[in-house]
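Chemist: To start, I am sharing the structure in question, which I have written as structure tokens.
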Amino acid sequence: MDARTSMDELRSKAPAPRASRKVRSWWLKQLHSWHWISAAVSLIGMMLFAITGFTLNHAASIGATPKVTQNEATLAAPLLAQLEATPAARDAPLPDAVADAVTKAVHLDPRGRAAEWSEDEVYVAMPGPGRDAWVSIDRTSGAISSELTDRGWISYINDLHKGRNTGSAWFWFIDVFAAACIVFTLTGLLLLQLHARHRPSTWPLVGVGLAIPLIIALFFIH
């Protein structure tokens with residue numbers, strides 16, 4: 001009876017480890033799937049942000065000579081008439097026909113951008129990543145003046161990193177990219193937890209990765 005009882009007990013206990021292994025296997029598959037998908041989505045973005053992290057950190061050592069381009073033109077009289085009346089909104093964009101004429105004349109596109117209307121001129125700032133640009137139109141004479149300052153490709157990618165003057169599409173890309181990076185790191189952490197039993201150095205290395213920036217931030221940043 002004792003032997004039979006012990007055998008029955010063993011049989012009753014057998015499914016539990018199997019069920020546990022199935023659950024663990026399911027989680028491993030899910031985590032691996034989300035880990036590699038998020039890695040694939042964020043791979044190029046992480047490379048870009050790592051490179052620009054380096055270039056931003058050494059910005060003072062990386063020389064760049066801004067290239068300044070200036071242009072002048074004159075707005076045709078029929079189009080100048082469209083600037084006579086000051087719009088209700090002080091930041092209203094240029095009329096489409098005027099903006100098209102400016103684009104052809106000075107090769108800078110002010111369409112849809114907020115303009116600054118004063119009694120004497122209309123001024124449109126057109127900053128972008130790695131550059132500053134503006135167009136000014138004299139409301140009396142129709143004289144168009146423009147200036148474009150190009151600070152080079154390193155400044156361009158640095159501004160992408162900071163999201164400076166990059167527009168709404170890049171704004172949303174950074175949000176999606178950040179979400180993918182969070183999924184990548186969290187699934188990586190959970191995978192570390194699942195494999196840590198067979199890799200004793202896992203948590204000491206994670207601790208070092210936390211301790212180094214924490215110590216620098218607490219004791220070496222003033």
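Chemist: Would you say I62 is within 25 Å of F173 (Cβ to Cβ), assigned to a loop (DSSP other than H, G, I, E, B) and touching a residue at least 40 places away in the same chain (Cβ under 8 Å)?
Modeler: It is true that I62 is within 25 Å of F173 (Cβ to Cβ), assigned to a loop (DSSP other than H, G, I, E, B) and touching a residue at least 40 places away in the same chain (Cβ under 8 Å).
Chemist: Name the one entry in D138, D120 that is buried (at least 16 other Cβ atoms within 10 Å of the Cβ), of a type in the set (D, E, K, R) and either over 31 Å from the mean Cα position of the chain (by Cα) or modelled with pLDDT of 95 or more (or both).
Modeler: D138
Chemist: Looking at segment 65-98, which of its residues are small (G, A, S) and touching a residue at least 40 places away in the same chain (Cβ under 8 Å)?
Modeler: A73, A76, A77
Chemist: List the number of the failed condition for G167; all other conditions in (1) at positive phi; (2) modelled with pLDDT of 95 or more; (3) not polar (S, T, N, Q) hold.
Modeler: (2)
Chemist: If you don't mind, there's one more thing I want to ask. I'm trying to understand the selection: among the residues of segment 64-83, which are under 38 Å from the mean Cα position of the chain (by Cα) and either within 19 Å of P129 (Cβ to Cβ) or polar (S, T, N, Q) (or both)?
Modeler: Those that are under 38 Å from the mean Cα position of the chain (by Cα) and either within 19 Å of P129 (Cβ to Cβ) or polar (S, T, N, Q) (or both): A64, T65, P66, K67, V68, T69, Q70, N71.
Chemist: Within the set of pairs 6 or more residues apart or between chains, which connect a residue that is assigned to a strand (DSSP E or B) inside segment 99-120 to a residue that is at pLDDT below 95 and surrounded by fewer than 18 Cβ atoms within 10 Å (Cβ to Cβ) with Cβ atoms less than 6 Å apart?
Modeler: W117/T86; W117/R90
Chemist: If you don't mind, another one. Of the residues P93, P127, which single one is at pLDDT 95 or above, surrounded by 13 or more Cβ atoms within 10 Å (Cβ to Cβ), within 30 Å of A179 (Cα to Cα) and touching a strand residue (DSSP E or B) at 6+ places or on another chain (Cβ under 8 Å)?
Modeler: Of the residues listed, the single one that is at pLDDT 95 or above, surrounded by 13 or more Cβ atoms within 10 Å (Cβ to Cβ), within 30 Å of A179 (Cα to Cα) and touching a strand residue (DSSP E or B) at 6+ places or on another chain (Cβ under 8 Å) is P127.
Chemist: When you check R164 against the structure, is it in the same structural domain as G53 (by TED's automatic domain parsing), out of contact with any helix residue (DSSP H, G or I) (no Cβ under 7 Å at 6 or more places or on another chain) and in contact (Cβ under 8 Å) with a residue 24 or more places away in the chain, yes or no?
Modeler: Yes: the conditions hold for R164.
Chemist: Still on this structure, please answer the following. Which count do you get for residues in segment 176-213 that are part of a helix (DSSP H, G or I), over 12 Å from S42 (Cβ atoms) and not aliphatic (A, V, I, L, M)?
Modeler: Number satisfying all stated conditions: 10.
Chemist: Take S145 and decide whether it is assigned to a strand (DSSP E or B), among the hydroxyl-bearing types (S, T, Y) and surrounded by fewer than 18 Cβ atoms within 10 Å (Cβ to Cβ).
Modeler: Considered against the rule, which asks whether it is assigned to a strand (DSSP E or B), among the hydroxyl-bearing types (S, T, Y) and surrounded by fewer than 18 Cβ atoms within 10 Å (Cβ to Cβ), S145 comes out as yes.
Chemist: List the number of the failed condition for I157; all other conditions in (1) of a type in the set (V, I, T); (2) farther than 20 Å from T74 by Cβ; (3) in a loop (DSSP other than H, G, I, E, B) hold.
Modeler: (3)
Chemist: In this structure, is L75 outside the structural domain of F171 (by TED's automatic domain parsing), out of contact with any Ser or Thr (no Cβ under 9 Å at 6 or more places or on another chain), of a type outside the set (S, T, N, Q) and at pLDDT 95 or above?
Modeler: So L75 does not fit the description; no.
The values are calculated or read from the model by the stated rules, or taken from the named source; none is laboratory data. Owing to the predicted nature of the structure, the values given are computational and were not obtained by experimental measurement. Please note: Cβ atoms are built from the backbone with ideal geometry, for glycine as well, and neighbour counts cover all protein chains shown.
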